[in-house]
Protein chains: 2
Amino acid sequence: MAAQEHRFDPNFTKHVIETIGPACGERERFVMSALIRHVHDFAREVELTVDEWTLGTKFLNSIGQISDAKRNEGHRISDVLGLESLVDEIAHKHVNESGESPTSSSILGPFWSPNAPFRENGDSVIMSPHSGHVTLMHGVVSDMETKAPIKNAVFDFWQASSNGKYDFQDPDNQVDNNLRGKFRTNDKGEYHFYCLKPTAYSLPTDGPAGMLLKLLDRHPMRPAHIHLMISADDYKPVTTQIFPKDDPYLETDTVFAVKDDLVVDFTPLKGDDKAELECVYNVSLAPKGSDKIPDATRLPSKA
Amino acid sequence: MAAQEHRFDPNFTKHVIETIGPACGERERFVMSALIRHVHDFAREVELTVDEWTLGTKFLNSIGQISDAKRNEGHRISDVLGLESLVDEIAHKHVNESGESPTSSSILGPFWSPNAPFRENGDSVIMSPHSGHVTLMHGVVSDMETKAPIKNAVFDFWQASSNGKYDFQDPDNQVDNNLRGKFRTNDKGEYHFYCLKPTAYSLPTDGPAGMLLKLLDRHPMRPAHIHLMISADDYKPVTTQIFPKDDPYLETDTVFAVKDDLVVDFTPLKGDDKAELECVYNVSLAPKGSDKIPDATRLPSKA
């Protein structure tokens, strides 16, 4: 339904937007005007009832009320509605001249830690007991355009344990920085270390996100995944996730983070008594300045 | 910008909506699908950045974190964006056969109390010290169609004191139910009592609503107003606000609740030593069943 095709006051939304004052920044005015317009169009389109609006304001308050330093429910609600994944797509719409793309990005999620330690190639990130499958993960980080290996790239890795919990959600069973670590690529652009084959897990369902998923008759499962953030001097960093191809939740990831080129294989490994599986994952980084999409599309129209 | 006129994944929003399960109610599916579509269209239209999205999730959490039993910041944010006023318009789109309308509705706001006492016609609602102007408020409640007076209608009244605060925001200066009261109309449909000429006041600006108003370079002022909720057996109740016509904030009410027919005059009163001003306010109620707008417009399209 277009903005004008309704039987309500045709000037109301314009009036609300026009109260924005002259000291409001250009970008802020552009973003907030669009937000107000979409909120109003939504309400008119569905003829939102007073009871539904009241429920909505209570729901809004409940999001912050359950949030704290270790729980970001606002982030999670946004994920469940697909917004983080969409913002990620918008941010990483890289296309290089040849039409090739670097490794796809995916959402950061709320479990990245700025404190993960550097480890040596060949180390294991497994510090605490688990019931998972140990995997040798290795690959090469290379330049998207020249295909040359990138040395000294930082490969930042984090994953949940076999019980579906990250270290700081699970202090009784996991030491700090269990299943986290940063690795540097060698002169050939290579990295390798030991981790777990990841396990599918449920989002916490005891708060507003759980209520929303129940209302929508959706499951709360994330497919098994490994989080990665790869960076190198003179390259655009990429934040991504990779998913085992045999996971049953790939199509219905509750936060919509799966992309085809992020689905990988975990295969049986022979001759390494430290691991039963192997995952080969190569990364392609775009050099800085290779983005051919003009930033102007992000500015407000001057029309 | 229509949903398809963008350079992003054309199937993403459809995919998110299609994860809604079969047990989701028809109305819930309709409302939430529209919400997801508008949120996504908004993000694509403004090309929402990761930083803006992060700020948004923090802002979302902050709304609930400042809310408690006496402070409903979610309600307030919704008001500042014009949503409560719009939902009110949607709910009260009454038109009778003659083309006449009952008294316009306006938003309830967060300060109505279910505990306001019944008082007698001729009583005063002023229980605590103030620096305002005492006003004799009176009028007739009548049937929108027959024009006949309605006896035993309940006229529920609440207002802030001359310092801009309601009783439960101001326990040091105001007794419970100061400036609140319910009155019943007599056999001629009349009510009368003493109150204050209302005073303009600022929304609380120490929380997210204040941040939002500052971002938008908007003032936080509500025009002076009196809250009313009028009900009678066999009539549709109306919740409304009335505004003195000399208020400087009528055009820019921070919650957009002013409508032309809700602007009233406070005139000097002679010969009553209890009041210096007079406000005549008549109310017209629509009989139940007089709504000619089919409810079908609120159902999801079957197309």
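Let's see how each residue does on (1) surrounded by 16 or more Cβ atoms within 10 Å (Cβ to Cβ); (2) among the small types (Gly, Ala, Ser); (3) within 30 Å of A:Glu251 (Cβ to Cβ):
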| site | (1), (2), (3) |
| --- | --- |
| A:Gly109 | yes, yes, yes |
| A:His138 | yes, no, yes |
| A:Ile150 | yes, no, no |
| A:Leu179 | yes, no, yes |
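Which ones in region A:23-39 are at the interface with another protein chain (Cβ under 7 Å from one of its Cβ atoms), out of contact with any Phe, Trp or Tyr (no Cβ under 7 Å at 6 or more places or on another chain) and without any contact (Cβ under 8 Å) to a residue 40 or more places away in the chain?
A:Ala23, A:Cys24, A:Glu28, A:Val31, A:Met32, A:Ile36, A:Val39
Kindly indicate whether A:Asp187 is farther than 22 Å from A:Glu276 by Cα, free of Cβ contacts under 8 Å to residues at least 24 places away in the same chain and surrounded by fewer than 18 Cβ atoms within 10 Å (Cβ to Cβ).
Here the answer is no, as A:Asp187 does not meet what is asked.
Output yes when any residue across region B:63-79 is of a type in the set (Ser, Thr, Tyr), facing chain A (nearest Cβ under 7 Å), crowded, with 22+ Cβ neighbours inside 10 Å and part of a helix (DSSP H, G or I), and no when none is.
Yes, that holds for at least one residue.
So is A:Pro171 surrounded by fewer than 17 Cβ atoms within 10 Å (Cβ to Cβ), without any contact (Cβ under 8 Å) to a residue 24 or more places away in the chain and closer than 22 Å to A:Arg76 by Cβ or not?
The answer is yes for A:Pro171.
Every residue in region A:248-288 that is within 13 Å of another protein chain (Cβ to nearest Cβ) and either assigned to a strand (DSSP E or B) or small (Gly, Ala, Ser) (or both), please.
Within region A:248-288, just A:Ala257 meets the criteria.
Just to be sure I understand, how many residues within region A:7-20 are under 23 Å from B:Thr49 (Cα atoms) and within 7 Å of another protein chain (Cβ to nearest Cβ)?
Qualifying residue count, region A:7-20: 1.
Out of all the residues in region A:238-257, which are within 21 Å of A:Met144 (Cα to Cα) and among the aliphatic types (A, V, I, L, M)?
Passing the criteria: A:Val238, A:Ile242.
How many residues are under 21 Å from B:Arg222 (Cβ atoms) and crowded, with 19+ Cβ neighbours inside 10 Å when one looks only at region B:190-201?
6
Considering B:Ser62, B:Ser105, which residue is in contact with a Ser or Thr (Cβ under 6 Å, 6 or more places away or on another chain) and within 26 Å of B:Ala257 (Cα to Cα)?
The unique qualifying residue is B:Ser105.
Please tell me if B:Gly82 is at pLDDT 95 or above and either at positive phi or not β-branched (Val, Ile, Thr) (or both).
yes
Hey, could you check region B:207-235 for residues that are within 14 Å of chain A (Cβ to nearest Cβ) and among the aliphatic types (A, V, I, L, M) and say which is surrounded by the most Cβ atoms within 10 Å (Cβ to Cβ)?
B:Ala209
State whether one or more residues within region A:14-26 are touching a helix residue (DSSP H, G or I) at 6+ places or on another chain (Cβ under 9 Å) and within 30 Å of B:Asn11 (Cα to Cα).
No: zero hits.
Tally the residues that are among the charged types (D, E, K, R) and at pLDDT 95 or above, restricting the search to region B:274-300.
Within region B:274-300, residues that are among the charged types (D, E, K, R) and at pLDDT 95 or above number 3.
Run B:Pro204 past the list (1) surrounded by fewer than 20 Cβ atoms within 10 Å (Cβ to Cβ); (2) in contact (Cβ under 8 Å) with a residue 60 or more places away in the chain; (3) not in a loop (DSSP other than H, G, I, E, B) and report the number of the one that doesn't hold.
B:Pro204 satisfies all of (1) surrounded by fewer than 20 Cβ atoms within 10 Å (Cβ to Cβ); (2) in contact (Cβ under 8 Å) with a residue 60 or more places away in the chain; (3) not in a loop (DSSP other than H, G, I, E, B) except (3).
Check whether at least one residue in region A:167-178 is modelled with pLDDT of 95 or more and closer than 20 Å to A:Phe243 by Cβ, and report yes or no.
No, region A:167-178 contains no residue that is modelled with pLDDT of 95 or more and closer than 20 Å to A:Phe243 by Cβ.
Go through region B:40-57 and give me each residue that's part of a helix (DSSP H, G or I), facing chain A (nearest Cβ under 7 Å), free of Cβ contacts under 8 Å to residues at least 12 places away in the same chain and among the charged types (D, E, K, R).
B:Glu52
Tell me which residues, restricted to region B:221-236, are in a loop (DSSP other than H, G, I, E, B) and in contact (Cβ under 8 Å) with a residue 40 or more places away in the chain.
Correct list: B:His225, B:Ala232, B:Asp233, B:Asp234, B:Lys236.
The values are calculated or read from the model by the stated rules, or taken from the named source; none is laboratory data. All values reported here derive from a predicted model rather than from experimental measurement. Neighbour counts are summed over all protein chains in view; Cβ atoms, including those assigned to glycine, are modelled from backbone coordinates with ideal geometry.
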